[in-house]
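Read the figures in this text as sums done on the coordinates, not as results from a lab. The shown structure was predicted, so the numbers you read here are calculated from the model rather than taken from an experiment. We place every Cβ from the backbone using ideal geometry, glycine too, and count neighbours over all the protein chains shown.
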Amino acid sequence: MKIAVVGAKGLPPLQGGIEHQCSELYPRIQALGHQVDFFARASYTSQPWFHSHDYKGIRVISLPAPTTKGSDALASSALAAFVSSLGRDYDVIHFHALGPALFASLPKLAYSRAKVVVTCHGLDWQRSKWGKIARHLIRSGEQMAVKYADSIVVVSKQLQQYFQDTYGYRTVYIPNAPVSYEATDESFTYGASLGLEKKKYIIFLGRLVPEKRLDILIQAFKSLPPSGWKLVIVGGNSGSLPYVAEISRLVAKDSSILFTGLLGGAKLAELMRGAGLFVLPSDVEGLPLAMLEAMSEGVPVVASDIEPHRELLGKNRGLLFDAGSVESCKAMIAQALVSSKYMESLASNAQQYVLSTYNWDRITRDNLEVYRAAIEAVPQTV
């Protein structure tokens, strides 16, 4: 099969769950004998327009895109959908996320033989970083996916229920899996250079955007404060500068709270493996890859009580607190820090669950089956 990928920023992945998911999925698809063209944003890859480079056998093609927040995704997705629909004889055009799916009709309008697959990683119109116009466009992308896609893939059971309840549309549930971390040694060199002690810090990993509710975690941590513990915040701002300014004011000059910025490779692996607790206070998630990574590494987890988190943590794989509540977050963190043996047992349950349930080879097979079924079947109508 010849597959075009539309909607992700680029490869290799720098930041973003979709990009990391693509970095795991498409090299496996290519290794099974399929051809993958990955349409990226030149602003992300730092490559000239229409330049292509190889990433683990995938051809990554950099397309023009403005640098203005929001418009870059729409412009690059529109161009990628147009290019892939007209001239390269693809079997499948795979759109990632609801915003890019706004252009899911183009292959049909261009009478392309390519089948259209859309993966919904989350209901992005719910995210507070988007303004009214952007939310409307993303919601329209959701509707275009329902109307024009030959198949819609969702990464959580909550999303599957949403499409069934809202549109009567039967989606295909294929969860993501955690990214494979690099090997690290036991010296904890990078962590020590930051003044950290193994198993004596809480880690947050994610974009610094309002829906992640990092403000809740910072306020809860500062109101404890746990003796000798630190809070490590790993991630970039993703364009939400007012929110970053807000959390910077919350932190002020607190030496027990550390921002590392974006991390990857061995540095990220070392900090995750050395953490005593992972906390994710989000209001909105699709399938939280950062949490999956923590669980797969055996790090105890505390998270807000929203459906995607309940789906992952169940009743015996982590602790949940009331979403949006500083006091509830504080209480669960306090309980976790004084119940180390109990948290270790929850973490062990979580690690076994992730390793047995979320497997990239199986995910690859399932995505290929979606492609084959779309090619062979009559398009689904609503």
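Okay, here's what the table says:
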item	result
Cα-based convex hull, the range 1-156, per residue volume (Å³, whole number)	104 Å³
The range 189-357: equivalent-ellipsoid semi-axes (sqrt of 5 x gyration tensor eigenvalues, Cα, Å)	22, 18, 16
Phi to ³J(HN,Hα) by Karplus 6.51 cos²θ - 1.76 cosθ + 1.60 over the range 259-270, Hz, x for Gly, Pro	9, 9, x, 5, 9, x, x, 5, 5, 5, 4, 5
Least to most buried among Asp37, Asp305, Asp165, Asp322 (fewest other Cβ within 10 Å first)	Asp165, Asp322, Asp305, Asp37
Pairwise FRET efficiency - Lys157 versus Leu86, Cβ, R0 = 35 Å, nearest 0.05	0.45
The range 161-227-the range 241-302 distance, computed between alpha-carbon centres (Å)	5 Å
Residues of type lysines that Lys199 reaches as a straight line, Cα spacing below 30 Å, ignoring anything fewer than 8 places off in the same chain	Lys212, Lys222, Lys230, Lys253, Lys267, Lys315, Lys330, Lys341
Rounded to the nearest 20 debye, dipole of the chain from Cβ charges on Lys, Arg, Asp, Glu	440 debye
Proximal aspartates and glutamates relative to Lys9, as straight alpha-carbon distance under 14 Å, when same-chain residues fewer than 8 apart are discounted	Glu19, Asp37, Asp72
FRET efficiency, 1/(1 + (r/R0)^6) with R0 22 Å, evaluated for Tyr173 and Gln126 via beta carbons	0.70
Derived scalar couplings ³J(HN,Hα) [the range 4-16; Karplus, 6.51 cos²θ - 1.76 cosθ + 1.60; whole Hz; x for Gly, Pro]	9, 10, 10, x, 7, 6, x, 9, x, x, 10, 8, x
Crossing angle, helix 340-357 versus the chain [Cα axis fit, 0-90 degrees, rounded to tens]	10 degrees
Longest DSSP-loop-exposure-free segment, GluC sites (Glu not before Pro), the chain, at most 13 other Cβ within 10 Å	187-382
Amide hydrogen neighbours beyond the local backbone of Leu277, cut-off 5 Å, H modeled	Tyr201, Ile203
Stretch gain in nm, segment Leu262-Ala192, where the contour uses 0.36 nm per residue and the Cα spacing is subtracted	23.4 nm
Calculated from backbone phi, Karplus (6.51, -1.76, 1.60) coupling profile of the range 118-124 in Hz, x at Gly/Pro	10, 9, 8, 8, x, 7, 5
Selection from Gly168, Ile333, Ala110, by position along the positive dipole direction of the chain (Cβ)	Ala110
More than 24 angstrom apart: percent of Cα pairs within the range 84-223	51 percent
